[in-house]
1. Are any residues in the stretch 164-214 among the small types (G, A, S) and assigned to a strand (DSSP E or B), and if so, which ones?
2. Got at least one residue in the stretch 36-51 being farther than 21 Å from E109 by Cα, among the aromatic types (F, W, Y) and surrounded by 18 or more Cβ atoms within 10 Å (Cβ to Cβ)?
3. Give the residue that is surrounded by the fewest Cβ atoms within 10 Å (Cβ to Cβ), with candidates limited to residues of the stretch 294-348 that are farther than 26 Å from P261 by Cβ and of a type in the set (F, W, Y).
4. Is it fair to say F337 is among the aromatic types (F, W, Y) and over 21 Å from G129 (Cα atoms)?
5. Of the residues that sit in the stretch 359-370 and are of a type in the set (A, V, I, L, M) and surrounded by fewer than 24 Cβ atoms within 10 Å (Cβ to Cβ), which one is modelled with the highest pLDDT?
6. Would you pick out the residues in the stretch 72-100 that are in a loop (DSSP other than H, G, I, E, B) and within 17 Å of S165 (Cβ to Cβ)?
7. Which of the residues spanning the stretch 114-125 are touching a residue at least 24 places away in the same chain (Cβ under 8 Å) and surrounded by fewer than 21 Cβ atoms within 10 Å (Cβ to Cβ)?
8. When you go through E32, E45, E119, E109 one by one, which is the residue that is touching an Asp or Glu at 6+ places or on another chain (Cβ under 9 Å) and modelled with pLDDT of 95 or more?
Amino acid sequence: MKSLARVLVPLLTLALTLPGAAQAQLFSEDFESGGEGWTATGKPEVLWHVSLDGECGSVTRMACYNRFPKECNYRTGGSNSGAFLSPVFTLTGPHSFVVQYDYLQDTDEGALCVEIVNEADGKSDTVVGCTCCSNPYNATELARASGAVPNLHYWRGKRVRLRFSFEADPDGNFTMGYLVDNIRVIASGPPEVIFTEDFENGAPEWTATTVGLYYVGPPLWNVSSAGECGAVTRMAAYNLAPAACDYHTPNYPNGGKWTSPPFTFSGAPPYVIEFDSWKDMNAKGDAAVLHVTDPALGVSSSGGPFANSSGIQPLSVTISNPGFWNLWDGKQVHLEFEVEADPQGNLGSGWRIDNVRVKNSGSLLAERPATGEAAEPEPANEKEKEKEKEKDEDKGDEDKGKDGLFSPFLGGWSGYPSLSLDFTRRDLRIDFSSEDSGSIPRTIPLLGARLKSW
């Protein structure tokens with residue numbers, strides 16, 4: 001044990017200094033062991049239960065809201081409702097708390113309601129769904145839902161449960177209901193910048209287009225030079241510069257979109273879009289807005305219209321507020337700055353934007369494959385494949401646990417009375433705790449493998 005400690009301590013020190021080291025998985029459930037510690041309630045009968053593999057469309061063992069084994073539906077002859085309450089865990093961490101789960105939804109209407117519940121007094125807050133923001137897409141295969149815990153100041157440090165609940169009206173209800181799996185509650189690491197643009201190198205990947213009726217000339221969006229029409233540095237601008245410092249197209253209304261290159265919303269929601277704005281347009285008849293658009297789904301979310309300003313002012317738009325269904329998690333999107341102007345006036349200097357930045361509310365743990373199996377890089381060539389095969393044969397299967405993980409318990413060392421280890425082929429997960437530190441999960445490399453936080 002002492003020799004292992006000498007090897008691990010410097011690596012643990014390194015892990016604690018790396019970005020994202022505060023990430024931690026606070027709670028997880030895949031129901032493969034039957035959902036021990038969960039509590040099901042319902043009216044007029046209890047429909048929540050843990051399925052068997054393949055039951056009523058279950059991919060593996062899953063939490064289900066339906067009438068199996070009587071029927072693969074949730075029809076009770078009238079309205080029905082039920083809740084599935086998790087075991088207790090504690091919300092600890094300096095940043096955001098995110099709830100993620102996989103689901104299959106086959107219901108007439110409505111959505112699952114996911115809440116965080118205070119074990120001490122029963123107070124709750126919505127994390128996903130409930131009366132707002134139901135998922136508009138019934139899933140034909142496993143889909144991912146996620147949401148951020150709101151009111152962090154209140155919830156941090158609380159002993160809590162997750163409550164999954166569903167309500168159905170008396171009509172229909174012949175389909176298989178709601179199926180949930182692979183639940184995780186994650187304390188995120190620090191916020192991250194996931195997209196940024198200051199236009200100092202131009203905007204080679206941005207696209208300017210003309211929109212609206214009547215005016216069909218070249219797009220008015222351009223990248224202004226420092227000092228051009230009042231620009232402080234290079235900025236994206238909606239005006240006719242350098243020919244004119246206005247956006248006047250005689251007798252015609254005009255409009256245009258300024259579209260960013262694609263980027264992906266990653267990490268913990270909510271996501272915040274920040275930018276500098278200098279708008280000098282007619283107060284009536286002209287509008288400047290920002291859209292976040294997913295071209296694959298054809299959906300968007302908008303901020304604005306934004307007000308005029310006498311100079312540059314910082315603005316921000318929040319996407320997927322805590323307590324709302326996070327439609328944007330993992331989606332590849334574009335930003336679209338859009339102007340619509342009527343034909344009157346238009347003698348101001350237009351709309352200028354700069355220093356665009358998109359942030360998440362925290363970094364998240366690396367995703368596992370949907371099967372729950374430990375991710376493995378593909379060997380680069382046949383020799384590496386043979387080496388990997390020899391390693392697997394040497395290891396044997398006697399210690400192999402669920403999900404391909406090896407899970408010996410090593411005990412602790414001085415200052416850290418609790419230490420457990422999960423081995424994959426290349427990584428070592430360490431959950432150690434002390435009276436001073438609390439539980440601090442980390443993953444460090446074995447045998448020279450790359451370091452990754454968990």
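1. Scanning the stretch 164-214 gives S165, A168, G177, A187, G202, A208.
2. Yes, the conditions are met somewhere in the stretch 36-51.
3. Top of the filtered list is F324.
4. Considered against the rule, which asks whether it is among the aromatic types (F, W, Y) and over 21 Å from G129 (Cα atoms), F337 comes out as yes.
5. The selected residue is L365.
6. Scanning the stretch 72-100 gives Y74, T76, S79, S86, P87.
7. Scanning the stretch 114-125 gives V117, N118, E119, A120, S124, D125.
8. Within the list E32, E45, E119, E109, the selection yields E32.
The values are calculated or read from the model by the stated rules, or taken from the named source; none is laboratory data. What you see is a predicted model; the values in this text were computed from it and never measured. Neighbour counts are summed over all protein chains in view; Cβ atoms, including those assigned to glycine, are modelled from backbone coordinates with ideal geometry.
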